[in-house]
Amino acid sequence: MSFFEFLSLYWPRLMSGTGVTAAQFLLGAILTVGLALVFGLMKMSPNRAIKGSAVVYIEIFRGTSLLVQLYWIFFVLPLFGITLEKFTAGWVAIGLNAGAYGAELVRGGIMSVPKGQWEAATAINMSPARRMWRIILPQALVNMLPAWGNLMVEILKGTALVSLISVTDLMFQAKQINASTYLSAQIFGTALVIYYILARFLLTPFMRWLEGFMARKLGRT
Amino acid sequence: MFDWLFMDEWFPKFDWRWDYTWEILPRLIEATGNTLIAAAAGYLIALVLGLVFALAQRSQSRVLTFVVREFVEFVRSTPLLLQIFFIFYVGPQFGITLSPWVSGMIAIGLHYSCYLSEVYRGGLDSVPKGQWEAATALNMTTAQTYKRLIIPQAIPPAIPGLGNYLVGIFKDTPMLSVIGVAELIHTANAIGSETWRYLEAYTIVGVIFLALSLPAAGLIRAFEGFVRRKLGM
């Protein structure tokens with residue numbers, strides 16, 4: 001079988017896998033951004049209980065591996081009465097894991113905003129919430145976006161692990177096709193190229209565009 | 001042991017058994033040894049290969065620079081899990097059979113060498129240009145300059161980055177379980193499928209990872225201070 005015949009035969013399955021990978025990535029990324037924002041801000045809180053719970057979350061999810069967290073969420077969480085379907089368990093684990101890394105990025109981004117900005121906002125009588133939302137966060141966002149670009153690629157790569165709890169993503173399809181054809185170089189090679197295209201030619205350019213867009217919005221071009 | 005938490009009232013299915021925990025603990029501790037060996041071996045490969053990639057990207061040859069640069073980008077943008085499968089299964093197709101350990105070490109070492117090459121690159125770029133000019137003035141060869149002047153100065157600023165990836169490689173070793181390397185997760189999976197009890201095994205694995213990776217971060221910071229003092233920086 002030529003490589004072309006092979007591709008045309010398995011292309012639909014690879015594409016359906018890519019669709020699942022994309023869905024896992026999008027849901028995981030949205031959860032990551034939400035958790036990162038919440039826990040990043042919580043970690044800067046002067047309240048010890050709030051700060052402490054953020055530290056516990058961040059250290060637990062950064063201190064263990066994604067695969068361990070995924071298995072724990074899928075196999076152990078049901079004992080606590082929370083049964084997640086495998087698709088949901090996949091992106092929830094990815095989001096929880098990457099959210100811990102993102103929280104540190106958010107904190108770093110906020111700390112990189114010059115002190116004068118905080119003082120000026122206070123001087124014109126802005127409430128703390130308004131100051132954070134209107135003055136600090138937009139500037140922090142521009143500063144931390146390059147690091148978020150890397151984290152997004154890590155999230156995309158992390159989605160491959162959901163195949164291990166039988167979510168039918170690209171990795172899973174590649175494994176299945178390999179098991180039935182033994183054409184390992186062709187199938188794993190094709191899957192590698194698809195992941196590469198997603199990361200390098202879709203995700204990275206989008207994050208670059210977002211960086212430029214946000215910088216223009218802030219008048220920093 | 002968890003009675004005081006009223007766990008069985010809140011979560012009827014939750015039932016942590018300590019006798020079972022003590023029974024499986026020795027197997028998991030043994031597997032921790034394998035995890036640490038895998039991480040250390042993979043890291044050594046990555047340390048050497050990463051430096052090679054970083055230096056190759058600074059070479060005069062534009063072809064070499066371009067090829068290495070694109071290769072590093074490719075490896076960094078694709079999942080390690082897929083790379084592990086690729087290396088493990090593609091060899092036999094061409095008549096080269098690699099054991100799970102060997103292919104695992106190649107995959108994880110290669111993956112992380114691409115990350116480390118970026119860290120080295122940052123360190124190498126941070127060495128002031130005057131150092132190169134001084135070396136030229138002293139009539140040193142490029143190899144000598146790198147060995148005696150540039151690399152020693154490039155390493156200390158790179159240590160935090162290098163250290164982070166040591167912890168990173170340790171946390172990625174569970175992926176080796178998919179090709180049958182008997183590390184922590186592989187052992188926990190085996191225990192789970194023997195007894196249909198996942199709670200204890202996976203929880204202990206999580207605790208072991210936490211207990212090892214949290215102090216590691218502190219040790220790396222201490223080591224960086226030590227190296228800086230040694231080199232009089």
Which listed residue, of B:Ile169, B:Ile151, is among the hydrophobic types (A, V, I, L, M, F, W, C), within 11 Å of chain A (Cβ to nearest Cβ) and part of a helix (DSSP H, G or I): B:Ile169
Failed condition for B:Phe14, given (1) in contact (Cβ under 8 Å) with a residue 24 or more places away in the chain; (2) surrounded by 14 or more Cβ atoms within 10 Å (Cβ to Cβ); (3) not in a loop (DSSP other than H, G, I, E, B): (3)
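With the requirement that a residue be more than 8 Å from chain B (Cβ to nearest Cβ) and open to solvent by less than 20 Å² (accessible area, probe 1.4 Å), what does region A:174-189 give you? Before you say what the answer is, go through the steps one by one.
Of all residues in region A:174-189, those more than 8 Å from chain B (Cβ to nearest Cβ) come to A:176-177, A:179-181, A:186-187.
Passing the criteria: A:Ile177, A:Ile187.
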Test for A:Lys157: is it surrounded by 14 or more Cβ atoms within 10 Å (Cβ to Cβ) and among the basic types (Lys, Arg): yes
Residues of region A:38-62 classified as of a type in the set (A, V, I, L, M), open to solvent by less than 30 Å² (accessible area, probe 1.4 Å) and away from chain B (no Cβ under 14 Å), total: 1
Long-range neighbours under 7 Å by Cβ, at least six apart or interchain, first residue free of Cβ contacts under 8 Å to residues at least 60 places away in the same chain within region A:164-181, second part of a helix (DSSP H, G or I) and among the aromatic types (Phe, Trp, Tyr): A:Lys175/B:Phe85; A:Asn178/A:Phe188; A:Asn178/B:Tyr89
Leading residue by the ranking (surrounded by the fewest Cβ atoms within 10 Å (Cβ to Cβ)) among those in region A:63-101 that are in contact (Cβ under 8 Å) with a residue 12 or more places away in the chain and at the interface with chain B (Cβ under 7 Å from one of its Cβ atoms): A:Leu67
Enumeration of residues in region B:172-191 that are surrounded by fewer than 19 Cβ atoms within 10 Å (Cβ to Cβ) and in a helix (DSSP H, G or I): B:Ala190
Filter result (within 14 Å of chain A (Cβ to nearest Cβ) and modelled with pLDDT under 80) within region B:1-35: B:Phe2, B:Leu5, B:Phe6, B:Met7, B:Asp8, B:Glu9, B:Trp10, B:Phe11, B:Pro12, B:Lys13, B:Phe14
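Condition first: open to solvent by 70 Å² or more (accessible area, probe 1.4 Å) and at pLDDT 80 or above. Now tell me which residues in region B:216-229 satisfy that. Give the steps one after another, and end with the answer.
Taking region B:216-229 first, the residues open to solvent by 70 Å² or more (accessible area, probe 1.4 Å) are B:219, B:221, B:223, B:226, B:228-229.
Matches in region B:216-229: B:Leu219, B:Arg221, B:Phe223, B:Phe226, B:Arg229.
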Scan of region B:192-210 for residues that are of a type in the set (Phe, Trp, Tyr) and under 23 Å from the mean Cα position of the chain (by Cα), ordered by number: B:Tyr202, B:Phe209
Selection from region B:69-96 of residues that are closer than 14 Å to B:Tyr115 by Cβ, in contact (Cβ under 8 Å) with a residue 24 or more places away in the chain and either buried (at least 19 other Cβ atoms within 10 Å of the Cβ) or touching a Ser or Thr at 6+ places or on another chain (Cβ under 9 Å) (or both): B:Val72, B:Val75, B:Arg76, B:Leu80, B:Gln83
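Of everything in region B:53-63 that's part of a helix (DSSP H, G or I) and within 20 Å of B:Val119 (Cβ to Cβ), which residue is farthest from the other protein chains (Cβ to nearest Cβ)?
The first filter runs over region B:53-63 and keeps only residues part of a helix (DSSP H, G or I), leaving B:53-56, B:62-63.
Imposing the further condition that a residue be within 20 Å of B:Val119 (Cβ to Cβ) reduces the set to B:53-56.
Details: B:Phe53: 18, B:Ala54: 18, B:Leu55: 23, B:Ala56: 20 Å.
The residue in question is B:Leu55.
The values are calculated or read from the model by the stated rules, or taken from the named source; none is laboratory data. Here the structure is a predicted model, which is why all the values come from computation and not from measurement. Methodologically, a virtual Cβ is constructed for each residue, glycine included, from the backbone with ideal geometry; neighbour enumeration extends over all protein chains shown. Side chains are part of the model used for accessible areas, which takes the heavy atoms of the whole protein and leaves out ligands, DNA and RNA. Shrake-Rupley method; radii C 1.70, N 1.55, O 1.52, S 1.80 Å.
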